[in-house]
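For reference, the structure is listed below as structure tokens.
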Amino acid sequence: MSDIKKLHIDELKKRFDSYDTISVDDFNDFYKDVYGEIKRNTVSWLIYKLKKSRVIRNVSRGQYVLEEDGEDLATEYVVITMDIIKSSEMNYKKFNLELSKKVKELNLAIKHSYNYEREFFISQGDEIQIIYPFGNEIVYLFIITLSYLRPFKVRYGVSFGMSEGELKRNSWEMNGPIFWNARDCLTKLKNSKDYDGLVVSEHNYPDKLCNNILSLINKTIRRITDKQWDAIRFELSKKHMETALEELKISKTSYYDRLYVSNLEEIIKSLETIVQIMKKRRLII
């Protein structure tokens, strides 16, 4: 029997047509009626297949609604959530002033250099977050963010998927699976002492592939020195070479040496590979 037939979509729609929201227990009861005794894990797998087939969608954690027939699919988004490692060991007032300054400068850079319409916002003192339409440019958004935050080191979660509800200026005011997934990544990484991160979508196998690549990227990022980060920041901010050389007080040769030794080009190519996998994730078994 095909996966679609196993879902019993027509019967499910009739059963839940009048429901405002459908809980996991509701799905469990429905599939028990269909199959008799059924394991909870099997029901979770069926719910996953229903979401993947665009039969249902999340409205809150553990709550779903039926997708309307012919409903246009929303644009896919990426949520990047980061928290600063060891921020609790820093002077609270000094740290918050410094982080606010860095995020302000970062937002100006991504606006003027890349014409990004979205911004990073701070929450809980040491966490920043942005939601952005899924595209190749997120590679540069990610790297330029790390360059502006240094010498702070971060844990990060990068989540891919649909954004439900109204798109707000401050993403901390939004909610849904794409946000929960990114924040759950930070929980998994809470014991990390240096640059570390995870990517997550609704597809486990592509996620695993991407995180294997990402673990190698993180090792390379950890080796970047402060002087190399300075060169990366100027390079990705698209500032004039003369400005970069004057502010860094180095020669053009030294500038390019720092970029080369940082392995910036290889990091970007590796991140672009992750983006391509995520774009094709529904086709990967």
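The values are calculated or read from the model by the stated rules, or taken from the named source; none is laboratory data. The structure presented is a predicted model; accordingly, all values stated were derived computationally and were not measured. Positions of Cβ are generated from backbone atoms using ideal geometry, with glycine treated the same way; all protein chains shown enter the neighbour counts.
If the condition is being out of contact with any Leu (no Cβ under 9 Å at 6 or more places or on another chain) and surrounded by 20 or more Cβ atoms within 10 Å (Cβ to Cβ), then segment 135-151 contributes Leu141, Leu146.
Annotation note: of Lys280, Lys208, the sole residue that is more than 22 Å from Leu149 (Cβ to Cβ) and modelled with pLDDT under 95 is Lys280. Scan segment 215-233 for residues that are in contact with a Phe, Trp or Tyr (Cβ under 7 Å, 6 or more places away or on another chain) and exposed (fewer than 12 other Cβ atoms within 10 Å of the Cβ) and the total you get is 1.
One residue stands out among those in segment 119-168 that are more than 30 Å from Tyr92 (Cβ to Cβ) and among the charged types (D, E, K, R): the one that is modelled with the lowest pLDDT, which is Glu164.
Each row is one residue, and each column tells you yes or no for (1) closer than 23 Å to Arg222 by Cα; (2) not in a helix (DSSP H, G or I).
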site	(1), (2)
Tyr77	no, yes
Glu98	yes, no
Lys104	no, no
Lys111	no, no
Glu117	no, yes
Ile122	no, yes
Ile130	yes, yes
Val139	yes, no
Ile143	yes, no
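Residues in segment 234-265 that are within 30 Å of the chain's Cα centre (by Cα) and hydrophobic (A, V, I, L, M, F, W, C): 5 in all. In summary, Asn212 fulfils each of the numbered conditions (1) surrounded by 12 or more Cβ atoms within 10 Å (Cβ to Cβ); (2) assigned by TED's automatic domain parsing to the domain that holds Cys185 with the single exception of condition (1). Can you pull out the residues in segment 254-268 that are free of Cβ contacts under 8 Å to residues at least 60 places away in the same chain and under 23 Å from Ile110 (Cβ atoms)? Across segment 254-268, the qualifying residues are Tyr255, Arg258, Leu259, Ser262, Asn263, Glu265, Glu266. If you go through segment 235-253 and keep only what is free of Cβ contacts under 8 Å to residues at least 40 places away in the same chain, surrounded by 14 or more Cβ atoms within 10 Å (Cβ to Cβ) and part of a helix (DSSP H, G or I), you end up with Glu235, Ala244, Leu245, Leu248.
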